[in-house]
Amino acid sequence: MHRRLSPLAFLFLLIAPLQAYPRMHVVVHATKGTVTRPVELGAFLNGQRVDAGLSFDWDFGDGTGLITTGPVVFHQYVKPGAYQVTVIVTDTTHDDPAAATSEPIHAIVTER
């Protein structure tokens with residue numbers, strides 16, 4: 001014999017995972033850099049700069065990357081150009097981590 005879930009119990013099962021991991025939207029901002037001044041990159045999660053329980057996996061677009069526990073990094077590029085930067089933010093506070101990837105942005109680096 002199968003028991004049917006009440007509509008309320010079924011709705012709770014659908015909503016519970018969404019409450020545990022709200023949709024993460026990541027945006028990266030970058031300052032303009034030069035070959036002598038690093039670019040400052042900051043990750044914003046759902047419009048706010050937060051870092052508690054988060055991991056930031058940066059791809060700087062020049063073949064290098066870095067994993068940090070804070071949302072702000074400084075990166076020194078050695079050649080002028082436009083570098084495609086992304087970051088994957090992982091919520092490490094739960095047993096089953098949730099992650100979100102930013103849309104790529106361009107870090108602009110000039111000679112001076």
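The values are calculated or read from the model by the stated rules, or taken from the named source; none is laboratory data. Nothing here was measured: the structure is a model prediction, and the numbers come from that model. Glycine gets a Cβ as well: all are built from the backbone with ideal geometry, and neighbour counts include every protein chain shown.
Out of curiosity, is Phe56 part of a strand (DSSP E or B), hydrophobic (A, V, I, L, M, F, W, C) and modelled with pLDDT under 90? No: the conditions fail for Phe56. Take the conditions (1) out of contact with any strand residue (DSSP E or B) (no Cβ under 8 Å at 6 or more places or on another chain); (2) under 18 Å from Pro104 (Cα atoms); (3) surrounded by 15 or more Cβ atoms within 10 Å (Cβ to Cβ); Asp51 misses just one of them, which is (2). In this structure, Gly42 does not satisfy being surrounded by 12 or more Cβ atoms within 10 Å (Cβ to Cβ) and assigned to a loop (DSSP other than H, G, I, E, B). Within the range 72-106, the set of residues being surrounded by fewer than 16 Cβ atoms within 10 Å (Cβ to Cβ), hydrophobic (A, V, I, L, M, F, W, C) and not in a loop (DSSP other than H, G, I, E, B) comprises Val72, Phe74, Ala82, Ala99.
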